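Have a look at the structure below before the remarks.
The values are calculated or read from the model by the stated rules, or taken from the named source; none is laboratory data. Given the structure is predicted, the values throughout are model-derived calculations rather than measurements. Quick reminder, even Gly has a Cβ in these numbers, built from the backbone with ideal geometry, and neighbours come from all protein chains shown.
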């Protein structure tokens, strides 16, 4: 089905563009067929002075655009989606859009399939010549070359994930390639595998759009940790690993020359003494590098950590209720002034004000509805 392109979000019914202080987020969702379901990629405007949110607008209709990634030029957008083969098999695919960052008009360019199972995460390399994706259920990492006009080329690498499994057999019955993070110098891709308790390392080749295993091949995590998402500090000397099953965040020193992370600290993302069910979901580093944030589903909170600029070590600041059920994803505005949290189960986006001095979060009462939002991507 071709995407249904709607009126630009920034023209808010008044015939004029939104002021420069406004922030715009694109939202990836799980889709459905009912009137209350999501139907593709949405956009919202956040007022940079008040934190007010606009009503979400559908800007491209397509099935399950779970995660989104922006090209370095800011004019191309890539979305995970799915395709049906001639045999009726559902396969993971990447769809490319031309993006007008002012009008927010999305124009579909093309889509390419991996030929294998559905995808869960995506990243675009710094040269804008390569897309890397991960697959959770049919565990693999894959890469596609990107043409000069932004179109996705045929899949160039598909590397299955295998290895010794973690001890939590209900969740670690197979490998689960969850997310991909690219090194600041664009030499490596790091893939968190929840089933293997490892963050695997691959060498990037943007010229050919391929991936290759690196040596050393992975960073090990404690048995049962279940790594889910990873992020670098802004200057690139620290690497942080969020473990979904363990409910922990691990701080690492990063050796850029060797592409190696060395863990030196692990902290819980949950309050001391909490023994209930939990499922860590997303990890973000503040643009200033001074704070790190981690979301907990089931406990429905965001843990705020202060970051030591010299060592990269973290210190817990607070836990903040997110105001909804299952905070699946959240993100900070590019200026770091606001945090927008998406709840998969209660279909609400909640705005928090970020204290620039302490990193603490204050609920603003600003909210809007988006069904099953699972990715928040702010435009720069």
Any idea which of 21, 4 is closer than 19 Å to residue 331 by Cα and modelled with pLDDT under 95? 21
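Do you know which residues across segment 63-93 are part of a strand (DSSP E or B) and either over 16 Å from residue 124 (Cα atoms) or more than 15 Å from the chain's Cα centre (by Cα) (or both)?
Of all residues in segment 63-93, those part of a strand (DSSP E or B) come to 68-70, 76-84, 90-93.
76, 82, 83, 84, 90, 91, 92, 93 - these are the residues of segment 63-93 that are part of a strand (DSSP E or B) and either over 16 Å from residue 124 (Cα atoms) or more than 15 Å from the chain's Cα centre (by Cα) (or both).
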Look through segment 191-216, keep the residues that are in a strand (DSSP E or B) and in contact (Cβ under 8 Å) with a residue 60 or more places away in the chain, and return whichever of them is nearest to residue 173 (Cα to Cα). 199
Starting from residues that are in a loop (DSSP other than H, G, I, E, B) and touching a residue at least 60 places away in the same chain (Cβ under 8 Å), keep the ones in segment 25-35 and report whichever is surrounded by the most Cβ atoms within 10 Å (Cβ to Cβ). 30
Does residue 270 fit the bill of being at pLDDT below 95, outside any strand (DSSP E or B) and out of contact with any helix residue (DSSP H, G or I) (no Cβ under 9 Å at 6 or more places or on another chain)? no
Filtering segment 117-136 down to residues that are part of a loop (DSSP other than H, G, I, E, B) and at pLDDT 95 or above yields 119, 120, 125, 126, 127, 128, 129, 136
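Conditions (1) outside any strand (DSSP E or B); (2) surrounded by fewer than 24 Cβ atoms within 10 Å (Cβ to Cβ), marked per residue:
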site	(1), (2)
274	yes, yes
287	yes, yes
294	no, no
309	yes, yes
318	no, yes
323	yes, yes
335	yes, yes
340	no, no
When the residues of segment 222-238 are filtered to those that are surrounded by fewer than 18 Cβ atoms within 10 Å (Cβ to Cβ) and under 21 Å from the mean Cα position of the chain (by Cα), which remaining residue is farthest from residue 280 (Cα to Cα)? 235
Filter segment 36-62 for residues that are without any contact (Cβ under 8 Å) to a residue 40 or more places away in the chain and either surrounded by fewer than 18 Cβ atoms within 10 Å (Cβ to Cβ) or in a strand (DSSP E or B) (or both); which is nearest to the chain's Cα centre (by Cα)? 40
Please enumerate the residues belonging to segment 291-310 that are in contact (Cβ under 8 Å) with a residue 12 or more places away in the chain and more than 16 Å from residue 352 (Cβ to Cβ). 297, 298, 299, 306, 307, 309
Answer with yes or no whether residue 69 is modelled with pLDDT of 95 or more and within 20 Å of residue 347 (Cβ to Cβ). no
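Residue-wise test of (1) under 20 Å from the mean Cα position of the chain (by Cα); (2) over 16 Å from residue 284 (Cβ atoms).
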position: 177; (1), (2): yes, yes
position: 183; (1), (2): yes, yes
position: 188; (1), (2): yes, yes
position: 193; (1), (2): yes, yes
position: 205; (1), (2): no, yes
position: 213; (1), (2): no, yes
position: 220; (1), (2): no, yes
position: 246; (1), (2): yes, yes
position: 249; (1), (2): yes, no
Any residue at all in segment 143-161 that is part of a loop (DSSP other than H, G, I, E, B) and closer than 30 Å to residue 237 by Cβ? yes
